[in-house]
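Coordinate-derived values only; no laboratory data. A quick note: this is a predicted structure, and the numbers were derived from the prediction, not measured. Heads up, the Cβs are rebuilt from the backbone with ideal geometry, glycines too, and the neighbour counts pull from every protein chain shown.
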Amino acid sequence: MIDRDAAWVARAAGGVLVAGDPDRPGPRRALIDSREVGPGDLFVGLPGSNADGGEFARAALEQGAWGVLVEQSRADQMTRARVGGAVVIGAENPLAALASLAREWRLQLDCPAVGVTGSTGKTSTKDILTALLRPHKRVHSNRENFNTEIGLPLSLLQAERGTDVLVLEMAMRGEGQIAELVSIAEPQVGVIVNVGPVHLELLGTIERVAAAKAELIRDLPNGGACVVPADEPLLEPHLRGELETITFGEGGDVSLESFSEGRALIDARGERIELELPFEEPHNLENTLAAVGACLALGVTPRGSVDVQFSSLRGEVLELGGGVTVVNDCYNANPMSMRAALDHLAATPASRRIAILGGMAELGPEADRWHRELGEHADRLGIDVLITVGELGLGFAQGYAGETHSVATPEEAGALLEEIAQPGDRVLVKGSRSVGLERVLA
């Protein structure tokens with residue numbers, strides 16, 4: 001709950017309180033979907049390309065909303081009508097007002113924050129870091145994909161006073177977007193999990209991807225800390241002497257000594273840390289090292305059993321009828337994460353290994369090459385069956401010489417899987433979010 005009054009909320013948003021008691025206690029959270037609004041919520045009506053969220057402000061109030069934050073002209077209209085005791089705040093730009101309100105509430109929380117970004121694995125790293133810190137600190141982290149210029153402020157406004165540390169995933173599609181999120185969250189610790197070929201359609205080169213991610217390093221305060229992969233040349237030009245730099249991975253400050261049967265021995269700057277992990281994927285072991293590095297920056301030494309709840313559609317292991325195991329990793333995909341998922345599929349014991357792959361979006365003019373090369377990689381790994389989904393996914397088949405099926409929709413892939421699956425099969429489902437591969441198992 002935002003434990004400040006309505007007058008403070010309006011000022012923090014840079015808006016005008018046009019209706020409601022200025023002394024009314026603040027809202028419990030902010031939302032942009034009027035269908036989710038309930039008593040105590042602040043509804044923020046954001047103008048969009050297809051619809052103006054402010055049009056749903058009246059419906060939000062009828063559902064018992066604490067108040068609404070809408071464009072000034074709409075707020076003026078609402079105050080001339082009857083809105084009962086609800087709060088109405090007007091602002092010239094509701095999105096900027098939302099960011100301003102979140103920034104001011106973040107200052108009220110007065111606690112350290114960790115910003116987590118990367119080309120792949122940032123959500124899992126955020127989830128692992130939250131789990132490592134929870135036995136030691138009261139942690140608030142953004143849930144699911146609340147990691148954009150809209151989602152991050154909404155997540156911050158759900159943090160309770162008394163929070164000890166904020167763990168905030170930061171996503172980007174182009175230049176300047178990480179900087180925008182840093183200006184809202186003001187982290188003292190920044191984690192860059194990795195740099196790879198993502199968003200090339202907008203950025204063009206991996207070097208520009210690295211520079212966009214490195215806005216997190218650039219904008220950290222002097223005396224802060226950055227956690228980066230060991231020996232990552234793309235990030236070296238962006239490191240700063242005013243920051244503590246913690247490296248992770250082979251040869252880094254935080255490295256994996258051994259892993260066996262869920263037990264990880266980690267060297268953390270000369271100190272041995274033992275963790276019991278509920279996962280074994282190599283990429284998540286690497287993500288764990290990044291998370292341990294962030295813990296060190298916060299003065300926390302994690303140990304023991306790690307109870308992590310991964311965000312949905314990210315490596316979920318499902319047991320289907322008939323002895324078929326599915327790894328549902330279809331939230332998103334890029335060449336790095338796709339390669340890691342295929343590697344893990346190939347290394348896992350199974351009668352047959354089946355890959356259901358949808359296309360990887362935003363790869364620019366080299367998209368065909370990236371898809372073909374991953375098909376070749378699947379072929380070298382000995383993946384038994386490849387099912388491609390959608391037109392973009394056809395590129396995988398160009399590099400794969402084994403049993404191949406190509407379908408147009410996730411539903412067709414699901415029907416085909418039901419037809420060909422055999423006991424003991426292990427199935428990977430992975431593709432970019434736009435493909436909608438969660439419907440394979442619907």
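From the mean inverse distance of alpha carbon pairs (Kirkwood) and the Cα radius of gyration, derive Rg over Rh for the chain.
Ratio of gyration radius to Kirkwood radius for the chain: 1.00.
Could you size up the charge dipole of the range 1-116 around its Cα centre, putting +1 on the beta carbon of Lys and Arg and -1 on that of Asp and Glu, and report it in debye to the nearest 20?
Details: 12 positive and 15 negative charges, 11 e Å.
The dipole magnitude comes to about 60 debye.
Calculate the length of the line joining the C-alpha centroid of the range 157-173 to that of the range 406-442, in whole Å.
The two parts, judged by their Cα centres, are 34 Å apart.
Only Cα pairs under 8 Å and at least 6 apart count here; give the relative contact order of the chain as a rounded whole percent. Please report the intermediate quantities before stating the final value.
Numbers: 1025 pairs, mean separation 49.9, N = 442.
Reported as a whole number, the value is 11 percent.
Run the numbers for Arg263 and Asp33: contour at 0.36 nm per residue of separation, minus the present Cα-Cα distance, in nm. Walk me through the intermediate numbers first.
Values: separation 230, 0.36 × 230 = 82.80 nm, distance 4.25 nm.
Taking 0.36 nm per residue and subtracting the Cα distance, the gain is 78.5 nm.
Which percent, nearest 5, of DSSP beta bridges in the range 6-97 are antiparallel?
Numbers: 4 of 15 bridges.
Around 25 percent antiparallel, to the nearest 5.
Can you tell me, using C-alpha contacts under 8 Å and at least 6 residues apart, the relative contact order of the range 1-140 as a whole percent?
On the way: 232 pairs, mean separation 31.6, N = 140.
In percent, rounded to a whole number, it is 23.
What relative contact order, as a whole-number percentage, does the range 366-426 give when Cα pairs under 8 Å and 6 or more residues apart are counted? Can you show the working numbers first?
Working: 71 pairs, mean separation 19.8, N = 61.
Computed over the range 366-426, the figure is 32 percent.
Rounded to the nearest 0.05, what FRET efficiency is calculated for Gln398 and Ser49 with R0 set to 30 Å and r the Cβ-Cβ distance? Could you put the intermediate results ahead of the total?
Details: r = 35 Å, r/R0 = 1.17.
Using R0 = 30 Å, I get an efficiency of 0.30.
Given +1 on the Cβ of Lys and Arg, -1 on the Cβ of Asp and Glu, and no further charges, what dipole in debye does the range 111-305 carry about its Cα centre, rounded to the nearest 20?
Working: 16 positive and 29 negative charges, 116 e Å.
Computed about the Cα centre, the dipole is about 560 debye.
Residues of the range 385-402 with amide nitrogen under 14 Å from the 7 Å Cα-to-Cβ point of Glu376?
Inside the label zone: 396-401.
Which of rounded, prolate, oblate describes the range 316-441, given a ≥ b ≥ c as roots of the alpha-carbon gyration tensor eigenvalues and a/c under 1.5 marking rounded, otherwise prolate only if a/b is larger than b/c? Write down the numbers at each step before the final one.
Values: a/c = 1.61, a/b = 1.36, b/c = 1.18.
Prolate, since a/c reaches 1.5 and a/b exceeds b/c.
Could you check what % of the DSSP bridge pairs in the chain are antiparallel, to the nearest 5? Walk me through the numbers on the way to the answer.
Details: 22 of 74 bridges.
Bridges in the chain that DSSP calls antiparallel: roughly 30 percent.
Rank Gly118, Gly390, Gly15 by mean-square fluctuation in a GNM of the chain with C-alpha springs under 10 angstrom and give only the top-ranked residue.
Ranking Gly118, Gly390, Gly15 by mean-square fluctuation puts Gly390 first.
Using unit Cβ charges (K, R positive; D, E negative) and no other charged atoms, how large, in debye to the nearest 20, is the dipole of the chain about its Cα centre?
Values: 39 positive and 64 negative charges, 216 e Å.
Here the chain has a charge dipole of around 1040 debye.
What nm distance separates the two modelled labels at Glu362 and Ser434, each placed 7 Å from Cα along Cα→Cβ?
Going from the Glu362 label point to the Ser434 one covers 1.0 nm.
As a footprinting exposure proxy, order His371, His283 by other Cβ within 10 Å, with the fewest listed first.
Going from least to most buried by this count: His283, His371.
Have a look at Leu46, Pro27, Ser155 and report the one farthest towards the positive end of the charge dipole of the chain, computed about the Cα centre with Cβ charges (Lys/Arg +1, Asp/Glu -1).
Pro27
Just to be sure I understand the model, the point goes 7 Å from the Cα along the line to the Cβ. What's the resulting Glu412 to Leu239 distance in nm?
5.0
Cross-link partners among lysines for Lys126, C-alpha distance below 18 Å, same-chain residues fewer than 8 apart left out?
Lys137, Lys213
Put +1 on the Cβ of every Lys and Arg and -1 on every Asp and Glu Cβ in the range 335-442; which of Val435, Ala378, Ile420 then has its Cα farthest towards the positive end of the dipole?
The listed residue farthest towards the positive side: Ala378.
Select from Gly121, Ala230, Cys111 the residue farthest towards the positive end of the dipole of the range 111-305; place +1 on Cβ of Lys and Arg, -1 on Cβ of Asp and Glu, and compute about the Cα centre.
Final value for the positive-end residue is Cys111.
Using the Cα atoms of the range 93-143 to build a convex hull, what is its mean projected area in square nanometres?
On the way: hull surface 18.2 nm².
It is 4.5 nm².
Would you kindly state how much longer the chain becomes between Asn145 and Asp231 on full extension, computed as 0.36 nm times their sequence separation minus their alpha carbon distance, in nm to one decimal?
Numbers: separation 86, 0.36 × 86 = 30.96 nm, distance 2.89 nm.
Extending this stretch completely gives an extra 28.1 nm.
GNM on the chain, C-alpha springs below 10 Å: top fluctuator among Ser34, Ser312, Ser351?
Ser351
Kindly state, to the nearest 0.05, the FRET efficiency for Thr348 paired with Arg272, given R0 = 35 Å and r defined as their beta-carbon distance. Numbers along the way, then the final one.
Working: r = 28 Å, r/R0 = 0.81.
So the FRET efficiency works out to roughly 0.80.
Can you tell which of Val116, Val68, Val317 shows the greatest fluctuation in a Gaussian network model of the chain with Cα springs below 10 Å?
Val317
Viscosity 0.692 mPa s, temperature 37 °C: Stokes-Einstein D of the range 1-122 from its Kirkwood Cα radius, in µm² per second?
Values: Rh = 14.6 Å.
D, rounded to a whole number, is 225 µm²/s.
Only helical DSSP H runs with n ≥ 4 go in: add -39500 (n - 2.57) per run for the chain, normalise by residue count and round the 222 nm mean residue ellipticity to 500 deg cm²/dmol.
Dividing the helical sum by the residues of the chain leaves -9500 deg cm²/dmol.
Just grab the label-to-label distance for Ile420 and Arg161, each label 7 Å out from Cα along the Cβ direction, in nm (one decimal).
Simple spin-label model gives 6.0 nm for this pair.
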